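Below: one structure, written as structure tokens.
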Amino acid sequence: MNFEVINFGCRLNAYESEVIRKQLEGAEASEEKVIVFNSCAVTAEAERQLQQAIRKARRHDPTVKIIVTGCAAQIDPSKYGGMAEVDRVLGNVEKLQAESYRFDPLQANEPRVRVADIMAVRELAPHLIAGFGSRSRAFIEVQQGCDHRCSFCIIPFGRGNSRSVPVGAVIEQINQLVATGCAEVVLTGVDLTSWGADLPGQPRLGELVKRILRLVPDLPRLRLSSLDPSEFDDDLWQVIAAEPRLMPHLHLSIQSGSDIILKRMKRRHLAHQALEVVERARQLRPDMVFGADFIAGFPTESEDDFAASMDLARQSRLTFLHVFPYSIRSGTVAERMPQLSKSIISQRAKRFRSLGDELRQNYFNSRIGQTETIVLEERIGDEFTGHTEYFAPIKISSALNHNYGSKDIVQARVTAASATMLHATLVLQSENQSHG
């Protein structure tokens, strides 16, 4: 089958797009070309871009068969089933099932929309994949869905209730990836810190991290995706303090620095608790770097509320900010709250992103002259790209040694910093074993 998978949205979607590719590779041979759009529904802008991409694909090739799946399709299948350009709509469960792709593509007698009730799903089947092509970093789905109902968020209706992948299946997946040379694994989930609540004994995320590092000793690097500041467990604190293979970069779902807005968002933390998480992590590991998600322009947000978010970002010395302009999502509690004007929302998001640029640049400048350890990801001519342990993107001159390949771990000295990345030159070969 001639196919293409176009991914929108989060790291979890990136992982699931790999599963979709695996299922398509095993589908029956066909001369037709199929494009699968794996969608995101976090913001209205994400859906606008999706619809634009669908129409562009149809204009480019009137004969291509278009499948739409992901959260946008799960939440509103009739919208995408009603698009003339779309041949099939798959839900978030169906998109991971091999039988969804085992047919002579899109025959007339096949159901056009296959979307089950996501809230009825109670288990999470692990999907084992051999690797992510030539990529050095792999995302691993360990948790799915969310039992919480933040007032702005539609995603639980696209992902269902919280389900966890058992430890054994996670270990098996990571062992497979390490065997292919993968040097870094990122644990992902919709609500990652809720991992284990539905498993026997209700283990916590920290226990999973400990077992991965103990049972997969050849894994060089482990990262965690977005974490809820209210759900750090004792084992997680211990592993932050004691495990150098857990990278010194944490990303927090903070959303606001105003307590009244956090309460209206139905978040489970207050501003001082987010700051306490940052301070405690830095006490345990002084070099820890933080990223965070914030929403600008939430309903009823005053200028003082917005300023509190900016102040929290500065006080916490955050490095990587993901700023989302508030977007109305139909069916959420926040939809019924007094809304700010689009111009105010846009202006606040722009100001917040400008602060994010400043904080990131300050951090990048502080790394000039430092030696960083990097997993090489992609080679372009005489240069490699990668990420430091602190998740800073970096470009490295490979002129000193042309024998390196992607997935090797090297050390390089930072020589300059642009607005988007560090620049460095190789200084010596890593003592770590090559992973290419």
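The values are calculated or read from the model by the stated rules, or taken from the named source; none is laboratory data. Just so it is clear, the model here is predicted, and its values are computed rather than measured. Using ideal geometry, Cβ is built from the backbone for each residue, glycine included, and neighbour counts are taken over all protein chains shown. The protein model used for the area step is the full one, side chains on, heavy atoms only, and it has no ligands, DNA or RNA in it. Shrake-Rupley method; radii C 1.70, N 1.55, O 1.52, S 1.80 Å.
Within the shell defined by Cβ-Cβ distances under 12 Å, the residues around SER258 carry a net charge of -3, with Lys and Arg each +1 and Asp and Glu each -1. Selection among PRO220, ALA296, PRO244 by position relative to the dipole of the range 215-306 gives PRO220 as farthest towards the positive end (Cβ unit charges, Cα centre).
Counted residue by residue at 0.36 nm each, then reduced by the alpha carbon distance between them, the extension gain from MET337 to GLN202 reaches 45.0 nm.
Under 5 Å from the amide H of LEU252 lie the amide H atoms of LEU227, GLY291, ALA292, ASP293, each residue being 5 or more positions distant or on a separate chain, with H modelled from the backbone and absent for Pro and chain starts. Placing unit charges on the Cβ atoms only, positive for Lys and Arg and negative for Asp and Glu, gives the range 24-95 a dipole magnitude near 300 debye about its Cα centre. Here r is the Cβ-Cβ distance between ASP147 and ASP382 and R0 is 41 Å; the resulting FRET efficiency, rounded to 0.05, is 0.25. With θ taken as phi - 60° and the Karplus curve 6.51 cos²θ - 1.76 cosθ + 1.60 applied, the whole-hertz 3J(HN,Hα) list for the range 240-251 is 4, 6, 10, 10, x, 6, 7, 5, x, 9, 10, 10 Hz, x standing for glycine and proline. Near GLN51, once Lys and Arg are set to +1 and Asp and Glu to -1 for all other residues with Cβ below 14 Å from its Cβ, the sum equals +2. Rounded to the nearest 10 square angstrom, PHE324 shows an accessible area of 80 square angstrom against a 1.4 Å probe. When a/c reaches 1.5 or more, the comparison of a/b and b/c decides; with that in mind, is the range 1-77 rounded, prolate or oblate per its Cα gyration tensor? Oblate is the answer for the range 1-77, as a/c is 1.5 or above yet b/c matches or exceeds a/b. Partners of LYS95 within straight-line reach, counting lysines whose Cα lies under 18 Å from its Cα and excluding those fewer than 8 residues away in the same chain: LYS22, LYS33, LYS65, LYS79. If the segment from MET119 to ILE368 were pulled out straight at 0.36 nm per residue, it would be longer than the present Cα-Cα gap by 84.7 nm. The HN-Hα couplings worked out from phi for the range 280-295 by the Karplus form 6.51 cos²θ - 1.76 cosθ + 1.60 (θ = phi - 60°) are 5, 4, 5, 5, 6, 8, x, 8, 4, 10, 10, x, 7, 9, 9, 10 Hz, whole numbers, x standing for Gly and Pro.
Using Cβ point charges alone (K and R +1, D and E -1), the dipole size of the range 131-272 about the Cα centre works out to roughly 380 debye. A straight line joining the Cα centroids of the range 25-84 and the range 333-382 runs 29 Å.
(1) 21.5, 75; (2) 22.1, 64; (3) 23.4, 73: which one is Rg and Dmax of the Cα atoms in Å as calculated from this entry? Read-out taken from this structure: (2).
Put simply, the amide H of ALA296, placed in the peptide plane, has neighbours under 5 Å in PHE324, TYR326, leaving out anything fewer than 5 places away on its chain. About its Cα centre, the dipole of the chain is roughly 760 debye, where the only charges are +1 on Lys and Arg Cβ and -1 on Asp and Glu Cβ.
Computed from the C-beta positions of ALA44 and GLN361 and an R0 of 30 Å, the FRET efficiency is 0.50 to the nearest 0.05. Computed per residue of the chain from DSSP H runs no shorter than four, each worth -39500 (n - 2.57), the mean residue ellipticity at 222 nm is -9500 deg cm²/dmol. Each other residue within a Cβ distance under 15 Å of ILE396 adds +1 if Lys or Arg and -1 if Asp or Glu, for a net charge of -2.
The HN-Hα couplings worked out from phi for the range 377-383 by the Karplus form 6.51 cos²θ - 1.76 cosθ + 1.60 (θ = phi - 60°) are 10, 8, 9, 10, x, 9, 10 Hz, whole numbers, x standing for Gly and Pro. The modelled label-to-label distance between GLU110 and ALA242, using points 7 Å beyond Cα along the C-beta direction, is 5.2 nm. Look at the alpha carbon pairs under 8 Å that are at least 6 residues apart: their mean separation over the length of the range 268-387 gives a relative contact order of 25 percent. Taking amide H positions as modeled 1.01 Å from N, with prolines and chain starts lacking one, the residues under 5 Å from GLY257 and 5 or more places away or on another chain are SER309. Per-residue accessible area (protein heavy atoms, 1.4 Å probe) orders ARG367, ARG11, ARG88 as ARG11, ARG367, ARG88, starting from the largest.
For the pair LYS263 and SER354 in one chain, pulling the backbone fully straight at 0.36 nm per residue adds 30.2 nm over the alpha carbon distance.
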